[in-house]
């Protein structure tokens, strides 16, 4: 995002949508952005499959990770269908990232609170998921008639919690790998 933003004349984090970076008519490096979003979606999907057993067992794992897999597929759609090429598909794909992504964080956070080694991530997961969902609740209705106050800023409150959460989970997974802890998160009684 940062590289494409730097090449985009007049781009503003406050007023431009993130997807403007992939707009084939206005973004000078739209291919870089769109390919990177597709790669993000593919790697997220594969990463979830590979790390599945490392997450704490239980219903929240299945529901949360399936929601994140749906969000990953949505990211692929965002990159394949830029906003100016097929706005309808792009919009649907974006909301498949936004909604399931935020909900997944809340669901997984609820499961983390009882899991040995994952408890520290319970509250941040729920808080980040709620930030996403509250921002989305404000953002989504305003898209019908384009009345969002600083749409770029609000959209970042929808997207960035999911990305931040991904970094926190990566740290947790690396921590578990370095400590030699079992791959599955044990649930305490």
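Output the residues belonging to segment 54-78 that are within 17 Å of residue 166 (Cα to Cα) and in contact (Cβ under 8 Å) with a residue 60 or more places away in the chain. The answer is 54, 55, 56, 71.
Report yes if residue 137 is at pLDDT below 95 and surrounded by fewer than 14 Cβ atoms within 10 Å (Cβ to Cβ), otherwise no. Answer is yes for this residue. The single residue among 45, 95 that is farther than 18 Å from residue 166 by Cβ and under 13 Å from the mean Cα position of the chain (by Cα) turns out to be 95.
Look at residue 92 and say whether it is within 21 Å of residue 135 (Cα to Cα), without any contact (Cβ under 8 Å) to a residue 60 or more places away in the chain and surrounded by fewer than 16 Cβ atoms within 10 Å (Cβ to Cβ). Against the criterion (within 21 Å of residue 135 (Cα to Cα), without any contact (Cβ under 8 Å) to a residue 60 or more places away in the chain and surrounded by fewer than 16 Cβ atoms within 10 Å (Cβ to Cβ)), residue 92 qualifies. Among the residues of this structure, residue 98 does not count as one that is touching a helix residue (DSSP H, G or I) at 6+ places or on another chain (Cβ under 9 Å), surrounded by 18 or more Cβ atoms within 10 Å (Cβ to Cβ) and over 20 Å from residue 17 (Cβ atoms). The set of residues in segment 169-189 being surrounded by 15 or more Cβ atoms within 10 Å (Cβ to Cβ) and either within 15 Å of residue 19 (Cβ to Cβ) or at pLDDT 80 or above (or both) consists of 169, 172, 173. For residue 123, the conditions (1) surrounded by fewer than 17 Cβ atoms within 10 Å (Cβ to Cβ); (2) touching a helix residue (DSSP H, G or I) at 6+ places or on another chain (Cβ under 9 Å); (3) at pLDDT below 95 are fulfilled apart from (3).
The values are calculated or read from the model by the stated rules, or taken from the named source; none is laboratory data. Predicted model, so just to flag it, every value in this text is computed and none were measured. Positions of Cβ are backbone-derived with ideal geometry, glycine not excepted, and every protein chain shown enters the neighbour counts.
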